[in-house]
Every structure is written in structure tokens, then in C-alpha cells.
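Inspection log for the structure reproduced underneath, given as C-alpha cells.
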Amino acid sequence: MLIAERTLVRQLRNILPAEHDAHRRIVSYLVAFSWSLKHQLRKTDPTADLRRLLPEERVTEILASSMPTNRILLLAGNEIG
């Protein structure tokens, strides 16, 4: 998964080299996805890690979702789009 995330970030930097803010937001989503997946698999609470990585309004949206890890991917995809 880490290799796939690095590949995606590298491709984004090549396609959109001047979009530094977008790079940071997408990397934050990818890191949050990894932490959220860890919590999902271990059945632990992801709230503290998500708050550390993402803006509060996004954390609220993610935690309100029935599938929070999937919601993070959806938000990352929206950001890329």
C-alpha cells in the first residue's frame, strides 16, 4: 500500500508540478487512509489520528460515515478530480 501511495504522489507531482497545496492535501488524505485502515482492522478509534492529519470539518464528515476509511478515499478522489 505504501508503494502505491508513493507512486500516486509521484505521478501527481509530475502531472501538476505547481500545485503544492493540492499535493499536501492529497498526501494528508493518503496518510489518514493508512491510519484509518489500521484502526479499522484493529477495531480501535481513529479519531485522534484523523484530527492530527486532517481539518476538523473533514474529520467530522469521515467519522459520521458508516465506512470512514472508504470516505477518506472518496475525499482524496474528489481532491484529485
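Each residue of segment 8-19 is assigned a 3J(HN,Hα), and the resulting list reads 4, 5, 4, 5, 4, 5, 6, 6, 10, x, 8, 8 Hz, derived from the Karplus form 6.51 cos²θ - 1.76 cosθ + 1.60 (θ = phi - 60°), x at Gly and Pro.
Compared with the dominant Cα axis of the chain, that is its longest principal axis, helix 68-80 is turned about 20°.
How much area per residue is accessible in the chain when the probe is 1.4 Å and only protein heavy atoms are counted (Å²)? Walk me through the intermediate numbers first.
Details: 5510 Å² over 81 residues.
Accessible surface, normalised per residue, equals 68 Å².
In order along segment 37-49, phi translates into HN-Hα couplings of 5, 4, 5, 4, 5, 8, 6, 10, 7, x, 3, 4, 5 Hz, rounded to whole numbers, per the Karplus curve 6.51 cos²θ - 1.76 cosθ + 1.60 with θ = phi - 60° and x for Gly and Pro.
Each Lys and Arg contributes +1 and each Asp and Glu -1, all at the Cβ; summed about the Cα centre of the chain, the dipole is approximately 320 debye. In this label model, ARG13 and SER66 are separated by 3.9 nm, measuring between points 7 Å along each Cα→Cβ vector.
Of ALA22, GLN11, SER66, which is farthest on the positive side of the dipole of the chain, counting Cα position, with +1 on Lys and Arg Cβ, -1 on Asp and Glu Cβ, and the Cα centre as origin? Sorting the options by dipole projection puts first GLN11.
The values are calculated or read from the model by the stated rules, or taken from the named source; none is laboratory data. Fair warning: this is a prediction, and the values are worked out from it, not measured in the lab. When we count neighbours, we look across all protein chains shown, and the Cβ atoms used for this are built from the backbone with ideal geometry, even at glycine. Each accessible area value is taken on the protein alone, full model and side chains, heavy atoms only, with ligands, DNA and RNA left out. Shrake-Rupley method; radii C 1.70, N 1.55, O 1.52, S 1.80 Å.
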